[in-house]
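The values are calculated or read from the model by the stated rules, or taken from the named source; none is laboratory data. No experiment lies behind these values; they were computed from the predicted model shown. In this analysis, Cβ positions are derived from the backbone assuming ideal geometry, glycine residues included, and neighbour counts consider all displayed protein chains.
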Amino acid sequence: MSDFTAILTHARRLKASVKELSLDELRDVQAKLEKVITDREAEEAELRRAEAEKSKKIAEIKQAMEAAGVDIADFVEQEGVPATKRKTGTKRAPKPPKYAIVDANGERVTWTGQGRMPNALKDALAKGHNLATYLIK
């Protein structure tokens, strides 16, 4: 919750915050708050009306489907779409290594050029070696 909201929703904080406002300024704030409330009530009434209309249409469609002897599963079978939408979690293939170096232990260390650079390669570059010399051909 923001500081402004905390002040507005707490009576003592609100009273302390508006202590220096004149009566005319307070009435102006009151009028603006009433306008905001009226607008919000109208928005919520419109949302409720839209939801009621949508529910009514859904009920009509269900009734028409029952009268026609059709079930939602029939649509799914007809279109060849699986009943449940499941995300096919395909992983992308890992990138092939771009650079290779033999570290102090004698092991070959590879790097794709993305992410952290291996310490062996960092050390070689710090000694003045060129990165292109470790490029895998």
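Some notes on this structure:
- Residue list for region 86-106, filter: free of Cβ contacts under 8 Å to residues at least 12 places away in the same chain and more than 36 Å from the chain's Cα centre (by Cα): Asn105, Gly106
- Here is the figure for region 60-104: residues that are surrounded by fewer than 10 Cβ atoms within 10 Å (Cβ to Cβ), at pLDDT 90 or above and part of a loop (DSSP other than H, G, I, E, B) total 1.
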